[in-house]
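The values are calculated or read from the model by the stated rules, or taken from the named source; none is laboratory data. Here the structure is a predicted model, which is why all the values come from computation and not from measurement. No Cβ is skipped: glycine too gets one built from the backbone with ideal geometry, and neighbour counts run over all protein chains shown.
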Amino acid sequence: MPKILVIEDEKNLRLLYKQDLERDGYQVVTAATAPEGIAMVEAEHPDLVVMDIRLPGMDGLEAMSKVLEKHPRMPVVLNSAYSSYHENFMSWAADAYVVKSADTDELRARVRELLQSRSEA
Amino acid sequence: MEPAQLGATSRIEAFLPGSAVDVLRVLGAWTVPFVMVDAADNVLFWNRGAARLYGIAENGAVGRNFTEVVGETSASPHFTVQGISTRRYEAAHRAPEGGDLPVMVTRTELQAPDGTTGALILVTDLTESKALERRLARRVAQLSVIREIAECLQSEMSLERILRSILVGATASQGLRFNRAYLLLVNEQRRTLEGRDGIGPVDADEAERIWSRLAQKDRTLRELMDEYEPIAEGALSAAQRTARRLTVSLDDTDRFLIWALSASATVHVERGKVASGAGPGPSPLVEILGVETFVVVPLKAADRPVGLLIADNAITKRAITPEDVDMLELLGLQAGHAIERTRLTDEIAREVAFLEAATLEIRKNQERLVQAERLSAIGEMAARVAHEIRNPLVAIGGFARSLLQRTPHPDETTRESLEVIVDEVRRLESIVGEVLDFSRQVPPRIGSLDLARLAREAGDLLRFELEQAGVRWEVDADERLPAAAADRDQIFQALVNVLRNAIHAMPKGGALSVRVRAIAHGLEVAVNDTGEGMPPEVLAHVFEPFYTTKPTGSGLGLTIAAQIVRDHHGELKLDSREGEGTTVTFRLPAVEGADAQDPGH
């Protein structure tokens, strides 16, 4: 069962993503802050990371680059409040970019695609 | 000697001693007219001067009554000099060729020792001094005419009326009495000497008509000037048409008129030739004016020639006298000043208008600035609020969806309720998304963009909405379009926003077209719908953020589109007619040096 790490500071959203992704058949672990998330990557060895771009304490993009330094092949899905985030080239490093929405269909579709291509590779 | 004369001489001798008679004989050869009469005023002595003055020989005068001989018809009251013996008076005598001869008569009464009386009469020809007197009077009259014209010109504000007044002054019988006159003015902008106006009859027939009509009524110059109508372009008089034909380029320095202008001095043309012999030939002018003799006078203002005044006596053929020319020059001087005055007035008016426009523009810019600041403050606040409610919204909507999906067989009420939550959250999310996008405008990342293709992609994205509304969709692009220099994502967003608005304006279906065409240095996109259109009161607000007429809109779609186009140094324009539809147009620059390319490449 693929393991997904969700880094999201909003408690209710953590719960929403956890429930929705679990229903899709994944094991889900969560972190509320960037440092906690980075630590969990090491401790839990997730297959994929879903993270908010804006996180307290550390910028989501910075956290992502820290994760990718150690695990360059780790799929990362960025979750943001904005429909465009291209003024920061670091966001290009993400494998997917999803606008935060109550409709989690797109997020789940990206997760599914990324894990599938990973297992095929 | 004739007996009569002998008799007369003996009669003279009665008055004078013998030696004095010799003196008289000398005086007989004197050129000053000198006559002696007896008590009955019959001529006793008639010298050579008198013979010459009256054209009557001595024998034709002696023995006849003096008053009859000289044809004295009127005389001023006599006045006495040196006591009672000498009187002097002015009189009109008969000139040799007929007509009046103005004279001064000095008459000295004589009395002989025997009591016989008679008189010595000295006659002074006043013809020359009378002529001088008349010329002086005429000069005074002329100067007062010039003064009158000058006064009229001073009070006149419009250039056209000033030109008219100058021409009336030059031709009126109360003025300078030329037959015809034309005015030419320098036009610095067009670099021409322009024939502006003309006055005067074409031929003797018309002259007769005009002059007899004018003679019927006694008018002052001012009244005459006021009588003239403004130039009617459709119904120019012959003289005005002639004036127009005189127009020449200031750079044609080999033309007579331009030469005359730069010479800045009066030029006489006599029998088709410049009287002074200098300068280019006036033959084209002679042909246009239809007269060989005329005067050209410069109109000067502050030593700078501003135009020319041409005058002729083509109808009456009256010779143009030096006095006429003097007067015309005086008129030219007055005219130049009056014309310069209107030019300065116009210039000041233009300056004032310019300053007013500039002031208005500054005020508008200030208002825009205040508005922009206000909007940016509102935008910032809206963005904060939007950001704060985004996450709770996602949670609410997300769990509602989750509930819908997790409950295998919800009862109708539960399902409906959850669907309402999901729908409302979706709506709120789209508004919040737009607000956030609006508040985070980033400078465009300019790339090379195929606009026709982008328009088709935007249509593809909206395919579902187009089908739902029953809207026909078409992209019409020029065959070869240059690439646009623009940010793909931003222009895509602007296009989608505009297209969405258009679809919303056609709830009952219609046609939506995007026309992309190449223009100078760029491309133009025109989005046209056949929708409801907008009334003016809506049009006035469409670009304001948060202004919306739609129940589900954020009021940001068009604002964002306009902002994006503005960030690309363009302007989004909106043309709408209620009930007919709306066209939104914007322009984008082409990639520099880009060749037109086939659409879709």
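Here is a yes/no grid of residues against (1) under 26 Å from B:GLY555 (Cβ atoms); (2) in contact with a helix residue (DSSP H, G or I) (Cβ under 8 Å, 6 or more places away or on another chain); (3) hydrophobic (A, V, I, L, M, F, W, C); (4) not in a loop (DSSP other than H, G, I, E, B):
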| site | (1), (2), (3), (4) |
| --- | --- |
| B:ARG453 | no, no, no, yes |
| B:GLU457 | yes, yes, no, yes |
| B:GLU465 | yes, yes, no, yes |
| B:VAL475 | no, yes, yes, yes |
| B:VAL496 | yes, yes, yes, yes |
| B:ASN501 | yes, yes, no, yes |
| B:ARG517 | no, no, no, yes |
| B:GLY531 | yes, yes, no, no |
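Can you tell me which residues in the range B:55-79 are among the aliphatic types (A, V, I, L, M) and over 21 Å from B:GLY28 (Cα atoms)? Explain how you work it out, then say what you get.
Here is the first cut: in the range B:55-79, the residues among the aliphatic types (A, V, I, L, M) are B:56-57, B:61-62, B:69-70, B:75.
Across the range B:55-79, the qualifying residue is only B:ALA75.
If you take just the strands (runs of 3 or more DSSP E) that sit entirely in the range B:257-353, which of them hold at least 2 residues that are within 24 Å of B:GLU160 (Cβ to Cβ) and in contact with a strand residue (DSSP E or B) (Cβ under 8 Å, 6 or more places away or on another chain)? Talk me through it step by step, then tell me what you get.
Working: elements: B:267-270, B:294-301, B:304-312.
Those strands (runs of 3 or more DSSP E) span B:294-301, B:304-312.
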B:PHE354 being away from chain A (no Cβ under 14 Å) and among the aromatic types (Phe, Trp, Tyr): yes
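Can you name the residue in the range A:32-69 that is in a helix (DSSP H, G or I) and of a type in the set (Val, Ile, Thr) and is also surrounded by the most Cβ atoms within 10 Å (Cβ to Cβ) among such residues? Show your work before the answer.
Going residue by residue through the range A:32-69, those that are in a helix (DSSP H, G or I) are A:34-44, A:60-69.
When the remaining residues are screened for being of a type in the set (Val, Ile, Thr), the result is A:38, A:41, A:67.
Details: A:ILE38: 21, A:VAL41: 20, A:VAL67: 23.
Residue satisfying both the conditions and the ranking: A:VAL67.
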Subset tally (residues that are facing chain A (nearest Cβ under 9 Å) and touching a strand residue (DSSP E or B) at 6+ places or on another chain (Cβ under 8 Å)) for the range B:417-460: 1
Number of the condition not met by A:GLU8 [criteria: (1) away from every other protein chain (no Cβ under 14 Å); (2) under 20 Å from A:LEU114 (Cα atoms); (3) in contact with a strand residue (DSSP E or B) (Cβ under 9 Å, 6 or more places away or on another chain)]: (1)
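Surrounded by 14 or more Cβ atoms within 10 Å (Cβ to Cβ), more than 25 Å from B:ARG138 (Cα to Cα), assigned by TED's automatic domain parsing to the domain that holds B:ALA181 and in contact with a His (Cβ under 9 Å, 6 or more places away or on another chain): which single residue out of B:ALA338, B:ALA263, B:ALA301 fits that description?
Working: B:ALA338 fails: in contact with a His (Cβ under 9 Å, 6 or more places away or on another chain); B:ALA263 fails: in contact with a His (Cβ under 9 Å, 6 or more places away or on another chain).
None of the others qualify; the one that does is B:ALA301.
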Selection from the range B:379-404 of residues that are within 10 Å of chain A (Cβ to nearest Cβ) and basic (Lys, Arg): B:ARG390, B:ARG401
2 or more residues at pLDDT below 80 and farther than 30 Å from B:GLU323 by Cα: qualifying strands (runs of 3 or more DSSP E) within the range B:57-137: B:79-81
The lone exception for B:ILE149 - which of (1) aliphatic (A, V, I, L, M); (2) out of contact with any helix residue (DSSP H, G or I) (no Cβ under 8 Å at 6 or more places or on another chain); (3) part of a helix (DSSP H, G or I) it fails: (2)
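Condition test on B:ALA235, is it touching a strand residue (DSSP E or B) at 6+ places or on another chain (Cβ under 7 Å) and either in contact (Cβ under 8 Å) with a residue 12 or more places away in the chain or surrounded by fewer than 16 Cβ atoms within 10 Å (Cβ to Cβ) (or both)? Let's see the steps before the verdict.
Details: touching a strand residue (DSSP E or B) at 6+ places or on another chain (Cβ under 7 Å): no; either in contact (Cβ under 8 Å) with a residue 12 or more places away in the chain or surrounded by fewer than 16 Cβ atoms within 10 Å (Cβ to Cβ) (or both): yes.
No: the conditions fail for B:ALA235.
Is there a residue being modelled with pLDDT under 85 and more than 10 Å from chain B (Cβ to nearest Cβ) anywhere in the range A:34-55? Talk me through it step by step, then tell me what you get.
Going residue by residue through the range A:34-55, those that are modelled with pLDDT under 85 are A:53-55.
Cutting the leftovers down to more than 10 Å from chain B (Cβ to nearest Cβ) gives us A:53, A:55.
So far as the range A:34-55 goes, yes, one or more of its residues are modelled with pLDDT under 85 and more than 10 Å from chain B (Cβ to nearest Cβ).
crowded, with 17+ Cβ neighbours inside 10 Å, touching a residue at least 12 places away in the same chain (Cβ under 8 Å) and closer than 17 Å to B:ALA452 by Cα: does that describe B:LEU558?
no
Is it the case that some residue within the range B:184-199 is over 30 Å from B:ARG48 (Cα atoms), assigned to a loop (DSSP other than H, G, I, E, B), free of Cβ contacts under 8 Å to residues at least 24 places away in the same chain and acidic (Asp, Glu)?
First, the residues of the range B:184-199 that are over 30 Å from B:ARG48 (Cα atoms): B:184-199.
Add one more test, that the residue is assigned to a loop (DSSP other than H, G, I, E, B), and what stays is B:188-191.
Subset that is free of Cβ contacts under 8 Å to residues at least 24 places away in the same chain: B:188-190.
From what is left, the residues that are acidic (Asp, Glu) are B:188.
Yes; the residues of the range B:184-199 include at least one that is over 30 Å from B:ARG48 (Cα atoms), assigned to a loop (DSSP other than H, G, I, E, B), free of Cβ contacts under 8 Å to residues at least 24 places away in the same chain and acidic (Asp, Glu).
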The range B:461-486 - residue that is among the acidic types (Asp, Glu) and in contact (Cβ under 8 Å) with a residue 60 or more places away in the chain and, of those, nearest to the other protein chains (Cβ to nearest Cβ): B:ASP478
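This table checks each residue for (1) more than 18 Å from the chain's Cα centre (by Cα); (2) surrounded by 18 or more Cβ atoms within 10 Å (Cβ to Cβ); (3) under 30 Å from B:SER249 (Cβ atoms).
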{"site": "B:THR117", "(1), (2), (3)": "yes, no, no"}
{"site": "B:SER144", "(1), (2), (3)": "yes, no, no"}
{"site": "B:CYS152", "(1), (2), (3)": "yes, yes, no"}
{"site": "B:GLU160", "(1), (2), (3)": "no, no, yes"}
{"site": "B:SER173", "(1), (2), (3)": "yes, no, no"}
{"site": "B:ASN179", "(1), (2), (3)": "yes, yes, yes"}
{"site": "B:LEU184", "(1), (2), (3)": "no, yes, yes"}
{"site": "B:PRO201", "(1), (2), (3)": "yes, yes, yes"}
Qualifying residue in the range B:274-288 (condition: at pLDDT 85 or above and within 28 Å of B:CYS152 (Cβ to Cβ)): no
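In the range B:243-256, what residues are part of a loop (DSSP other than H, G, I, E, B) and of a type in the set (Lys, Arg)? Working first, answer last.
First, the residues of the range B:243-256 that are part of a loop (DSSP other than H, G, I, E, B): B:246-247, B:250-255.
Listed by number, the list holds a single entry, B:ARG255.
Per-residue answers, yes or no, for (1) closer than 20 Å to B:ALA561 by Cα; (2) among the aliphatic types (A, V, I, L, M); (3) part of a helix (DSSP H, G or I):
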| site | (1), (2), (3) |
| --- | --- |
| B:PRO408 | no, no, no |
| B:THR413 | no, no, yes |
| B:ILE431 | yes, yes, yes |
| B:VAL435 | yes, yes, yes |
Close pairs from the range B:524-535: first at positive phi, partner acidic (Asp, Glu), Cβ under 6 Å, at least 6 apart: B:GLY533/B:GLU578; B:GLY533/B:GLU580
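For (1) touching a Pro at 6+ places or on another chain (Cβ under 9 Å); (2) of a type in the set (A, V, I, L, M), each residue gets a yes or a no:
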{"site": "B:ASP125", "(1), (2)": "yes, no"}
{"site": "B:GLN142", "(1), (2)": "no, no"}
{"site": "B:ILE146", "(1), (2)": "no, yes"}
{"site": "B:CYS152", "(1), (2)": "no, no"}
{"site": "B:MET157", "(1), (2)": "no, yes"}
{"site": "B:ARG161", "(1), (2)": "yes, no"}
{"site": "B:LEU167", "(1), (2)": "no, yes"}
{"site": "B:LEU183", "(1), (2)": "no, yes"}
{"site": "B:ARG190", "(1), (2)": "no, no"}
